[in-house]
Amino acid sequence: MTIPRALARSAAAIVFVFPLGALAQPDDRTSEADARFRRGVELYKEADYGAALTEFRRAYALAPAYQVLYNVAGACYQLRDYACALRAFERYLTDGGAQIAADRRGEVQKDIAVLRGRVATVAVSTSVPDVEIAVDDVAAGRTPLSEPLLMSAGRRRIVAAAPGRPAVTRVIDVAGGDQVALQIEIPEAPPLQSAVPGPRLGAASPPEQPGAPVDRSPRRERRVPVLPWIATGALAAGAAVTGVLALGASGDLGAALGAFPGDARAIERERTRTATLALTADLLAGAAVLVGGVSLYLTVAGGGGAERAGAARPSSPSIRAAIAPSSLRLLCTF
């Protein structure tokens, strides 16, 4: 791309010394502005135009000397941001006034004429006021805008954002010298969502009938009778163990009967032990069934629960077993 010679000279001939003489007595802000300006010049020489532009703008914000605008315009031009360069050059001529030499003013005016052919003006309006407008992610003002926006030729991204409403994005292609009118419709704010009722934790109790008696005594609590079930398990375990011992004794009796010559006393002893263990196992099994039935009844009937307030609490069920060689006695108290 061929760059006009006058514009190229203006872009390259930046100011290299911060104009302290054009400002009031130097202070901390001016010193910082001078440091940022010098840093911007170094970055510009290194062709880091984006960083240089940031430093020039920061220096101008701290100490607004019109000479800095010339450097801003040169950095914007190198970045192909022609609208930025045009605005900076025009502001440079306005603020500098008669302080600008005639030959420099003539060159800048020629540059401005070239840049006007590379920008377009876009009149942005919105359906509602107080909408923030941004062009290529750079804030451009709030509607209604006082004047059309100046945009470099090419594809531009315009975003309109209103408080509480969805943002609207428009992408337009503009050529140099275009004058475009862009109307943006801002959608309504989304309706507030009504509160969703939560799940019902429980059904409401029915209203009391006037004059009907109300039972306000505490309800009974159902509890599993622990002791009867423990007794049931103990009896069942005892029956199982005794049954195993009875089987062993039966085996010993068979061995004694098969021995030759037989020992009458040993045979009688093994027969008595086998019978006793077998009877004990039967009695324990029967007791386990009996106590298990009682435990089941107490569980289903709600036995062992707390009675209403003020009533005497019944004693816990008690089961005792007495085992003898030829008998089993169960003593139950409810």
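Taking Cβ atoms as reference points and 12 Å as the exclusive limit, the residues near E270 contribute a net charge of +1, counting Lys and Arg as +1 and Asp and Glu as -1. Phi angles of segment 87-92 translate, via the Karplus equation with coefficients 6.51, -1.76, 1.60 and θ = phi - 60°, into HN-Hα couplings of 4, 5, 5, 5, 5, 4 Hz per residue; Gly and Pro are given as x.
For a modelled paramagnetic label at R80, 7 Å from Cα along Cα-to-Cβ, the residues of segment 143-172 in reach, with backbone nitrogen under 14 Å, are 152-156.
Legend: residues R170, R105, R269, sorted from most to least accessible area (1.4 Å probe; ligands, DNA and RNA excluded), read R269, R170, R105.
Entry note, segment 69-203: relative contact order of 22 percent, from Cα contacts under 8 Å with a spacing of 6+ residues. Take the Cα of L290, step 7 Å toward its Cβ, do the same at A175, and the gap between the two points is 11.4 nm. Counting charges near R156 (Lys, Arg +1; Asp, Glu -1) among other residues having Cβ under 12 Å from its Cβ returns a value of -2. Starting from the Cα of R157, step 7 Å along the direction of its Cβ; do the same at L257; then give the gap between the two resulting points in nm. Those two pseudo-labels are separated by 10.3 nm.
Applying 1/(1 + (r/R0)^6) with r as the Cβ-Cβ distance of R91 and E188 and R0 = 41 angstrom yields a FRET efficiency of 0.55.
With only the Cα atoms considered, segment 62-168 has a convex hull volume of 121 Å³ per residue.
The values are calculated or read from the model by the stated rules, or taken from the named source; none is laboratory data. Computed from a prediction, not measured in an experiment: that's the story for all the values here. Note that each Cβ is placed from the backbone with ideal geometry, even for glycine, and that neighbours are counted across all protein chains shown. For accessibility, only protein heavy atoms count, side chains too; no ligands or nucleic acids. Shrake-Rupley method; radii C 1.70, N 1.55, O 1.52, S 1.80 Å.
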